[in-house]
1. Using modelled amide H (1.01 Å from N, peptide plane; none on Pro or chain starts), what sits under 5 Å from the amide H of Ile26, excluding residues fewer than 5 places away?
2. Can you tell me how much longer the chain between Asp78 and His19 gets when fully stretched, taken as 0.36 nm per residue apart minus their C-alpha distance, in nm with one decimal?
3. What is the list of residues in the range 86-100 whose amide nitrogen lies under 13 Å from a point 7 angstrom out from the Cα of Ile70, following Cα to Cβ?
4. Could you calculate the FRET efficiency of Ala2 with Val98 from 1/(1 + (r/R0)^6), where r is the beta carbon distance between them and R0 is 30 Å, rounded to 0.05?
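Computed from the coordinates by the stated procedures, all read-outs in this text should not be read as laboratory data. Please read these numbers as outputs of a predicted model, since none were measured by experiment. Here the Cβ is made from the backbone with ideal geometry for all residues, glycine too, and neighbour counts use every protein chain on show.
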Amino acid sequence: MACCEVVWLRKLFSELFEHMLDTTSIFCDNQTGIRLSGNLLFHEHSKNIDIRYHFIWDMVQRRATSLQHIRMDEQVTDIIMKPLGKVEFLAFLERLGVVERPFYEVVA
């Protein structure tokens, strides 16, 4: 789905700004998927790959996208996907740039 969104956004930006974009990076923690995106003949068990993986492979070959590895403990999106401890939650909030706003009383 991320690759489909990247393709759509790239087309939108190129039409709006009449400018070709550089390769868009997609970060994931699946190293096998990253290897397969570079070479579909990577493994004998990858003979019957779903069509969506061929699409990703095609986008990588066209240099529209690239898959970059990110460690599981660095995935900031986990803040909305997984239950986290308080320390991890606050660390991810900081990495996202979310800041606490002071509460102001409304004076009537």
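1. Ser66, Leu67, Gln68
2. Working: separation 59, 0.36 × 59 = 21.24 nm, distance 3.28 nm.
Using 0.36 nm per residue and subtracting the Cα-Cα distance, I get 18.0 nm.
3. Counting only backbone N, you get 92-93, 95-97.
4. Computed FRET efficiency for Ala2 and Val98 comes out at 0.85.
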